[in-house]
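Presented below is the structure to which this report refers.
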Amino acid sequence: MTTGALVISRVPGGSSVGAVGVIDWLMEGDPAIRWQVMRDLTDAPVGDVARERSLVAEVGWGRRLLDLQGEDGRWGGGAYSPKWISTTYTLLDLRHLGVDPAGDRVRSAIQRVAANVTMGDGPWPFFAYRGETCITGMVLGLAAHFAVDDDLGAVDFLLDQRREDGGWNCDWGDGSTRSSFNTTLSVLEGLWQHEQARGADRDVAQARTRAQEYLLERHLMRRKSTGEIINRRWLLFSFPPRWFYDVLRALDYLRSAGVPVDDRCNEALSLLQSKRRVDGTWPLQNPHPGRVHFQMEDGAGKPSRWNTLRAMRVLRWAGRLEPISD
């Protein structure tokens, strides 16, 4: 039984348009948006998707981010800080853009990181980092996406760090046995990226299943003990998400990992549907304060191509998106 019921209402803004009109609007955006729309919403031919994806490193946001890398391989002068312009968070941005790791510019950039950038105590080579659980999950996902050789040390480390409830928490000094939604989702994303790059692994798959259950048992937002919403900021959909949890980020992970939709997703999916503006788009919400290389969108409350793309592909996965046709 849940408490603190959500108030579901449609976000205002503009005149109502159908899914086709929204697709046209999405396709007017950056190549990083366009290729994912083609793959996830319109089922374009594989070759067309690949050609569009190849543009991400050559024009628009992807090229701008790659151009900002220093000769020492770092972005923003640091490995993890300053937020959000450091090497870690810039590579996370590039992963969100879906930049093709096989492209010449991307391979060159990643080679500079691998050869020159260290992080944490030790220090660790960047892609071999083992330390704070949340960051280790992020780096594992980056190594997998950018096709960096990995000796499985990060996977073993993360499997050893699991808590009894099936999730993960960065803070081992608080005496608590409970997991954190923030850390659990970052680790899940990293393990899934690793499996996509390296192939299925029974131990990893079992760990992901348990961690997914940790989130689903709590309906992606509620305390298991009381049914209360844990953090109302999780009901706001940010992009980029950085290290922060929110319901759309969790739903998009479940979609990407092919997790079957069940009744425990219903409240989160209804929340997602309620965020749709009457013009058919979803707004940007709760941008996380910090330094950025540049703004990809117009700001909080304004129509967001990123949130619209992610919302539509989640609703398609859940069977809640109206058919898209001419």
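Each reported figure results from applying straightforward, stated rules to the coordinates on display, with no laboratory input. None of the values given here were measured: they were computed from a predicted structure. Here the Cβ positions follow ideal geometry from the backbone for every residue, glycine too, while neighbour counts run over all protein chains shown.
Can you bin the chain into rounded, prolate or oblate? Criterion: square roots of the alpha carbon gyration tensor eigenvalues sorted a ≥ b ≥ c, rounded for a/c under 1.5, prolate for a/b above b/c, oblate for the rest. Don't skip to the answer; put the middle values down first.
Working: a/c = 1.62, a/b = 1.10, b/c = 1.48.
Note, shape of the chain comes out oblate.
Here the calculated FRET efficiency for residue 68 and residue 177, from their Cβ-Cβ distance with R0 = 51 Å, stands at 0.75, rounded to the nearest 0.05.
For the chain, adding -39500 (n - 2.57) for each run of n ≥ 4 DSSP H residues and dividing by the number of residues yields -13500 deg cm²/dmol at 222 nm. Extending 7 Å from the Cα toward the beta-carbon at both residue 198 and residue 226 defines two label points whose distance is 4.0 nm.
The magnitude of the dipole of region 109-207, with charges of +1 and -1 set on the Cβ of Lys/Arg and Asp/Glu and taken from the Cα centre, is near 200 debye.
Relative contact order, percent, of the chain when contacts are C-alpha pairs under 8 Å separated by at least 6 residues?
21 percent
In terms of other Cβ atoms within 10 Å, 281, 88 run from fewest to most in the order 281, 88. Seen from residue 52, the other residues with C-beta closer than 13 Å to its C-beta sum to a net charge of -1, counting Lys and Arg as +1 and Asp and Glu as -1. For region 91-169, relative contact order (Cα pairs under 8 Å, six or more residues apart, normalised by length) works out to 24 percent. Excluding same-chain neighbours fewer than eight residues apart, the lysines reachable from residue 224 by a Cα-Cα span under 26 Å are 275.
Once you have a ≥ b ≥ c as the square roots of the Cα gyration tensor eigenvalues for region 65-208, tell me rounded if a/c is under 1.5, and otherwise prolate or oblate according to whether a/b is larger than b/c. Here region 65-208 falls in the prolate category. Approximating the spin labels as points 7 Å out from Cα along Cα→Cβ, the residue 233-to-residue 288 distance works out to 0.9 nm. Going by a ≥ b ≥ c, the root eigenvalues of the Cα gyration tensor, does region 163-252 fall in the rounded group (a/c under 1.5), the prolate group (a/b larger than b/c) or the oblate group? It comes out oblate by the Cα gyration axes.
About the centre of its Cα atoms, the chain shows a dipole size close to 800 debye [charges on the beta carbon of Lys, Arg (+1) and Asp, Glu (-1) only; nearest 20 debye].
Distance from the Cα centre of region 18-89 to that of region 250-279, in angstrom? Their Cα centres are 23 Å away from one another. Once C-alpha pairs closer than 8 Å and six or more residues apart are averaged by separation and normalised to the residue number of region 180-293, the relative contact order reads 26 percent.
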